[in-house]
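The values are calculated or read from the model by the stated rules, or taken from the named source; none is laboratory data. Everything numeric in this text was worked out from a predicted model, so none of it was measured. All Cβ positions, even for glycine, are placed from backbone atoms using ideal geometry, and neighbour counts span all protein chains on display. Heads up: the accessible areas ignore ligands, DNA and RNA and are worked out on the full protein's heavy atoms, side chains in. Shrake-Rupley method; radii C 1.70, N 1.55, O 1.52, S 1.80 Å.
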Amino acid sequence: MFKPLLATLMLLIAAAPADPAHPAALVGEYDGHQMEMAAGLELKADGRFQYGLSYGALDEEAEGNWMADQGSVVLTSDHVTPPRFTPVEQKAGPAQELRIAIDVPHGMNPQYFNAVVIFADGHAVQEQLSEDEKVIPLANGAMPTRVMIVLSIFDLHGDWVAIDLAKGNRLRFGFEANDLGKVDFHGAVLKDEGGVLLLDRHGRTISFRRVHRQG
């Protein structure tokens, strides 16, 4: 007596429309490798994605939700706690110098970081930091007014910090990595060009071509 009902249910399932937000035609694994860059993307049938990229000294990854929208794929990452720069200390040092140092987590090199210093006359300098204090000479009455720490390979920067030489010319910053290397995609759009997904990232266009179809 249950066979007709079962047959009806099977027909309804078979006739159900494909999920327009996660079409089967897009589900699969994609390869974005190109010169000097390794990249991969996986779009899963359940609406989840995984992404990874290695480019020079940069390694990044992301996971979250994806959906199709008017000829494009849209990526939205799971929650990411961004890295954080914090001023730690300011104290007196040798005259006619500005000294800047940064404390980084174990395994990181301070040389990846730079300090951008703005002076009262409007000019700016960018100096690579080191394991010791970075010494910036203050010749001819140069007056630094603010500084920002940057980590260029991840396109990260801290807030501008005012410099008051009356409070000290030796500045120390801290860096909390948190989810460093995880990309916080907020509606990132990959245009679908004939089955090739195009993502603009780090000044380049990554072409993701499907190498494996799921299911």
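Which residue pairs have Cβ atoms closer than 9 Å, lie 6 or more positions apart in sequence or on different chains, and pair a first residue in the stretch 108-125 that is under 22 Å from Gly174 (Cα atoms) with a second residue that is charged (D, E, K, R) and surrounded by 17 or more Cβ atoms within 10 Å (Cβ to Cβ)? Matching pairs, first to second residue: Pro110/Lys134; Ala115/Lys134.
When the stretch 192-208 is limited to residues that are surrounded by 14 or more Cβ atoms within 10 Å (Cβ to Cβ) and modelled with pLDDT of 95 or more, the one that is nearest to Ala62 (Cα to Cα) turns out to be Leu199.
List the residue pairs whose Cβ atoms are under 6 Å apart, where the first residue sits in the stretch 178-206 and is under 16 Å from Asp69 (Cβ atoms) and in contact (Cβ under 8 Å) with a residue 40 or more places away in the chain, the second is aromatic (Phe, Trp, Tyr) and surrounded by 12 or more Cβ atoms within 10 Å (Cβ to Cβ), and the two are 6 or more positions apart or on different chains. Cβ pairs passing all conditions: Leu197/Phe208.
For the stretch 154-171, give me the residue count where each residue is assigned to a strand (DSSP E or B), touching a strand residue (DSSP E or B) at 6+ places or on another chain (Cβ under 6 Å) and surrounded by 14 or more Cβ atoms within 10 Å (Cβ to Cβ).
4
Before we move on, is Glu42 among the charged types (D, E, K, R) and either more than 28 Å from Val150 (Cβ to Cβ) or in a loop (DSSP other than H, G, I, E, B) (or both)? Yes; evaluated as a whole, the condition is true for this residue. For the stretch 115-151, enumerate the residues that are assigned to a strand (DSSP E or B) and hydroxyl-bearing (Ser, Thr, Tyr). Across the stretch 115-151, the qualifying residue is only Thr145. Here the stretch 42-71 is the region considered, the condition is being among the aliphatic types (A, V, I, L, M) and more than 20 Å from the chain's Cα centre (by Cα), and the residue that is farthest from Asp155 (Cα to Cα) is Ala45.
Annotation: Val211 fulfils all but one of (1) under 25 Å from Phe85 (Cα atoms); (2) surrounded by fewer than 14 Cβ atoms within 10 Å (Cβ to Cβ); (3) among the β-branched types (Val, Ile, Thr); the unmet one is (1).
Of all residues in the stretch 45-56, those satisfying the criterion of being open to solvent by 60 Å² or more (accessible area, probe 1.4 Å) and either outside any loop (DSSP other than H, G, I, E, B) or within 20 Å of Leu190 (Cα to Cα) (or both) are Ala45, Asp46, Arg48, Gln50, Tyr55. If the condition is being assigned to a loop (DSSP other than H, G, I, E, B) and open to solvent by 70 Å² or more (accessible area, probe 1.4 Å), then the stretch 57-103 contributes Gln70, His79, Pro82, Ala92, Ala95, Gln96. Looking across the stretch 131-140, the residues that are open to solvent by 60 Å² or more (accessible area, probe 1.4 Å) and more than 25 Å from the chain's Cα centre (by Cα) come down to Asp132, Pro137, Ala139, Asn140. Candidates in the stretch 175-191 are the residues that are among the aliphatic types (A, V, I, L, M) and more than 18 Å from Asp159 (Cα to Cα); of these, the one that is surrounded by the most Cβ atoms within 10 Å (Cβ to Cβ) is Leu190. Open to solvent by less than 60 Å² (accessible area, probe 1.4 Å), closer than 18 Å to Gly181 by Cβ, of a type in the set (A, V, I, L, M) and touching a His at 6+ places or on another chain (Cβ under 9 Å): does that describe Leu41? Here the answer is no, as Leu41 does not meet what is asked. A residue that is among the polar types (S, T, N, Q) and farther than 26 Å from Phe85 by Cβ occurs somewhere in the stretch 198-206.
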